[in-house]
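A short write-up of the structure that comes next.
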Amino acid sequence: MSEIRLAAETRTEFGKGAARRARRAGFVPGVVYGHGHAPVHLNLPGHDLMMALKTPNALLVVPIEGKDEYVLPKAVQREAIKRTIEHVDLLLVKRGEKVTVEIPVHTEGELAPGGNLLEHVLQALPIEAEATHLPEAVTVSVEGLEAGASIHAKDITLPNGVSLAVEADAVVLQVIAAQAAPAEEAAEAEAGAEA
């Protein structure tokens with residue numbers, strides 16, 4: 001995963017009024033914490049932050065006290081209607097440090113014929129990896145799977161240096177048989193009664 005550099009400014013004003021002024025100026029208030037350091041309050045460029053957060057577990061580089069630091073988004077607060085970013089909590093990480101994050105599970109291929117449905121039991125897979133080498137997602141083949149089949153966490157091939165942060169037997173995906181619609185069942189029952 002590539003690093004995304006953001007030009008952040010240290011925040012000296014606090015409270016709702018200061019946060020509103022920052023948002024009007026195109027910034028998003030944020031706080032960086034971790035590694036026993038005192039929290040650092042920042043104003044981050046709103047548009048750049050929004051674009052960076054489109055990538056899951058984006059590794060951000062922000063200037064803190066004149067030094068570039070790696071951070072990961074920990075919590076993002078969004079406005080309820082417009083979905084704009086209101087505030088972001090960032091976790092300070094170091095190169096080589098292992099972190100636990102969740103990555104999206106993508107599927108490829110077609111299920112076996114018969115109208116079966118694929119259920120995502122886990123929408124995201126918890127993994128542990130080096131903070132500077134986080135995979136964006138994991139892809140799983142569901143080609144030819146029939147009803148009753150399931151894919152467990154241990155069945156998913158992970159990149160080198162990445163390990164599961166969930167039980168190996170945890171079900172990630174399962175194939176379920178399509179259920180007949182009530183109207184179809186009524187028509188079948190009627191046809192059976194006539195015969």
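Take residue 130 and decide whether it is under 27 Å from residue 67 (Cβ atoms), under 20 Å from the mean Cα position of the chain (by Cα) and open to solvent by 30 Å² or more (accessible area, probe 1.4 Å). Answer is yes for this residue. Looking only at residues in the range 161-175 that are in contact (Cβ under 8 Å) with a residue 40 or more places away in the chain and β-branched (Val, Ile, Thr), the one that is surrounded by the most Cβ atoms within 10 Å (Cβ to Cβ) is 172. Per the listing 158, 125, 118, 60, the residue uniquely touching a helix residue (DSSP H, G or I) at 6+ places or on another chain (Cβ under 7 Å), of a type outside the set (Asp, Glu), without any contact (Cβ under 8 Å) to a residue 60 or more places away in the chain and over 30 Å from residue 41 (Cα atoms) is 125. Annotation note: Cβ proximity below 6 Å between a residue of the range 6-35 that is open to solvent by 50 Å² or more (accessible area, probe 1.4 Å) and a residue that is of a type in the set (A, V, I, L, M) (sequence gap 6+ or interchain) occurs for 35/92. Condition check for residue 110 on (1) acidic (Asp, Glu); (2) touching a Leu at 6+ places or on another chain (Cβ under 8 Å); (3) open to solvent by 80 Å² or more (accessible area, probe 1.4 Å): one failure, at (2). Residues considered: 67, 94, 54. Of these, the only one that is free of Cβ contacts under 8 Å to residues at least 12 places away in the same chain, surrounded by fewer than 17 Cβ atoms within 10 Å (Cβ to Cβ) and either in contact with a Phe, Trp or Tyr (Cβ under 6 Å, 6 or more places away or on another chain) or closer than 29 Å to residue 156 by Cβ (or both) is 54.
Among the residues here, residue 20 does not qualify as under 18 Å from the mean Cα position of the chain (by Cα), of a type in the set (D, E, K, R) and not in a strand (DSSP E or B).
The values are calculated or read from the model by the stated rules, or taken from the named source; none is laboratory data. Computed from a predicted structure; not experimentally measured. No Cβ is skipped: glycine too gets one built from the backbone with ideal geometry, and neighbour counts run over all protein chains shown. Quick note on the areas: whole protein, heavy atoms, side chains included, nothing else; ligands and nucleic acids left out. Shrake-Rupley method; radii C 1.70, N 1.55, O 1.52, S 1.80 Å.
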